[in-house]
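Take a look at the structure set out below.
The values are calculated or read from the model by the stated rules, or taken from the named source; none is laboratory data. The structure displayed is predicted, hence computed values, not measured ones. All Cβ positions, glycine included, derive from the backbone under ideal geometry; neighbour counts span all protein chains shown. Protein only, heavy atoms only, side chains kept; ligands, DNA and RNA dropped before computing areas. Shrake-Rupley method; radii C 1.70, N 1.55, O 1.52, S 1.80 Å.
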Amino acid sequence: MAVKGLIRPMNKSPMLITGIRCLHFVPPEFLLEVQCMHETQKQLRRLVHEIGLELKTTAVCSHVRRTRDGFFTLEDALLRTQWDLHSIQDAIQVAAPRVAAELEKNLRLGPGTQQLHGPGWHGDNERPSPALESWTAGG
């Protein structure tokens, strides 16, 4: 299973960081891409603060944006103006085949295990997908 992808904790665990990249750095501003699971926005902001402390400076998180949750990306998100019954039903119908395929794939892996896909995975497409989390922080 480890060869096929990351193995997820079976139960709720503390925040687990699987990757960090600096996407943009023009002092004092920088943009981080963080891939993690079981995170809260408060923990992500604390991570940026602790990076600043390690660099012997300060860092304040000015923005947190979730760009992927599992295999759902920003392309699957509904705008606030689309939060009505018809738009929600349409989104569920569009996502249903992907959700069913993912559930089937996870059931084949065995009970209590789930395969995570690396950066750039976007379902059956070959297009790269956005990061799981990104922030802009200045310090």
Taking the range 67-101 and the residues there that are surrounded by 13 or more Cβ atoms within 10 Å (Cβ to Cβ) and among the hydroxyl-bearing types (Ser, Thr, Tyr), the one that is farthest from Leu31 (Cα to Cα) would be Ser87
Note on the range 13-57: residues open to solvent by 90 Å² or more (accessible area, probe 1.4 Å) and polar (S, T, N, Q) are Gln41
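Have a look at Glu54, Glu50, Glu39, Glu75 and point out the one that is among the acidic types (Asp, Glu) and in contact (Cβ under 8 Å) with a residue 40 or more places away in the chain. Steps first, answer last, please.
Values: Glu54 fails: in contact (Cβ under 8 Å) with a residue 40 or more places away in the chain; Glu50 fails: in contact (Cβ under 8 Å) with a residue 40 or more places away in the chain; Glu75 fails: in contact (Cβ under 8 Å) with a residue 40 or more places away in the chain.
The conditions single out Glu39.
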Given the conditions (1) assigned to a loop (DSSP other than H, G, I, E, B); (2) among the aliphatic types (A, V, I, L, M); (3) in contact with an Asp or Glu (Cβ under 8 Å, 6 or more places away or on another chain), every one holds for Met10 apart from (3)
